[in-house]
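Each reported figure results from applying straightforward, stated rules to the coordinates on display, with no laboratory input. From a predicted model like this one, the values you see are computed outputs, not experimental measurements. Here the Cβ is made from the backbone with ideal geometry for all residues, glycine too, and neighbour counts use every protein chain on show.
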Ligand code: S3P
């Protein structure tokens with residue numbers, strides 16, 4: 001039987017703008033693990049950006065690709081896996097990630113998220129008027145999904161990348177369930 005010590009991946013979950021990509025790159029370098037971002041695999045596979053996938057094929061099509069690529073990465077070992085903000089919405093993704101990964105949830109306040117994403121047009125779900133309201137609404141809906149999926153939660157709002165990475169490493173090391 002697979003024990004929890006066999007989990008050699010770390011999967012980062014959290015809302016858009018919670019710092020998953022920047023933290024993930026640094027965390028992977030620190031722990032000498034491969035860095036993989038599910039959104040990058042999807043865009044490389046399709047050859048078009050995520051905004052275009054949403055516009056031309058719709059969100060359902062994107063979510064299907066997300067399920068396919070989460071399945072692939074969850075089968076590999078020794079990686080830091082950066083998920084998209086909506087990955088947690090499909091339970092199958094979390095079930096698959098949990099088989100091989102410690103799941104780390106990065107939180108950020110709506111105001112900080114707004115600051116981080118307001119000049120970015122690459123996120124189709126936030127390309128709208130009333131961005132702050134949209135963030136608050138989506139976050140309120142998704143919060144329970146993130147919380148249910150998380151093994152470890154780290155607040156990012158007022159912290160530098162290095163501090164967040166250090167905290168994740170400490171939390172994983174002191175957690176008997178993981179063997180990082
Ligand atoms: C999404 C988040 C995005 C990307 C897509 C959908 C979401 O990833 O997967 O635009 O539903 O929250 P980031 O969290 O990296 O921005």
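Listing for the model above:
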{"quantity": "Count of residues meeting criterion [farther than 13 Å from residue 101 by Cα and under 12 Å from the mean Cα position of the chain (by Cα)] in region 1-24", "calculated": "11"}
{"quantity": "Any pair with Cβ under 9 angstrom, 6 or more apart, that starts in region 164-177 at a residue that is on the phi < 0 side of the Ramachandran plot and ends at one that is loosely packed, with under 12 Cβ neighbours inside 10 Å", "calculated": "177/5"}
{"quantity": "Condition broken by residue 117, with the remaining ones in (1) touching a helix residue (DSSP H, G or I) at 6+ places or on another chain (Cβ under 8 Å); (2) on the phi > 0 side of the Ramachandran plot satisfied", "calculated": "(2)"}
{"quantity": "Tally, over region 136-153, of residues that are within 16 Å of the ligand (Cβ to nearest atom) and surrounded by 15 or more Cβ atoms within 10 Å (Cβ to Cβ)", "calculated": "8"}
{"quantity": "Residue list for region 71-88, filter: surrounded by 16 or more Cβ atoms within 10 Å (Cβ to Cβ) and closer than 15 Å to residue 35 by Cα", "calculated": "73, 74, 79, 80, 81, 82, 83, 84"}
{"quantity": "Unique residue being over 15 Å from the mean Cα position of the chain (by Cα) and more than 26 Å from residue 162 (Cβ to Cβ) when the list is 112, 53, 42, 94", "calculated": "53"}
{"quantity": "Residue satisfying all of: in region 163-180; out of contact with any helix residue (DSSP H, G or I) (no Cβ under 7 Å at 6 or more places or on another chain) and assigned to a helix (DSSP H, G or I); surrounded by the fewest Cβ atoms within 10 Å (Cβ to Cβ) among these", "calculated": "174"}
{"quantity": "Residues of region 25-52 that turn out to be within 10 Å of the ligand (Cβ to nearest atom) and under 18 Å from residue 97 (Cβ atoms), as a count", "calculated": "5"}
{"quantity": "Among (1) within 20 Å of residue 172 (Cβ to Cβ); (2) buried (at least 17 other Cβ atoms within 10 Å of the Cβ), the one test that residue 42 misses", "calculated": "(1)"}
{"quantity": "Residue identified as within 14 Å of the ligand (Cβ to nearest atom), surrounded by fewer than 16 Cβ atoms within 10 Å (Cβ to Cβ) and without any contact (Cβ under 8 Å) to a residue 12 or more places away in the chain among 129, 68, 133", "calculated": "68"}
{"quantity": "Considering residues of region 89-106 that are over 13 Å from residue 151 (Cα atoms) and touching a residue at least 12 places away in the same chain (Cβ under 8 Å) only, the residue surrounded by the most Cβ atoms within 10 Å (Cβ to Cβ)", "calculated": "93"}
{"quantity": "Near pairs, Cβ below 6 angstrom, 6+ apart or cross-chain, from region 72-85 (closer than 19 Å to residue 18 by Cβ) to any residue that is assigned to a loop (DSSP other than H, G, I, E, B) and within 16 Å of the ligand (Cβ to nearest atom)", "calculated": "85/15; 85/16"}
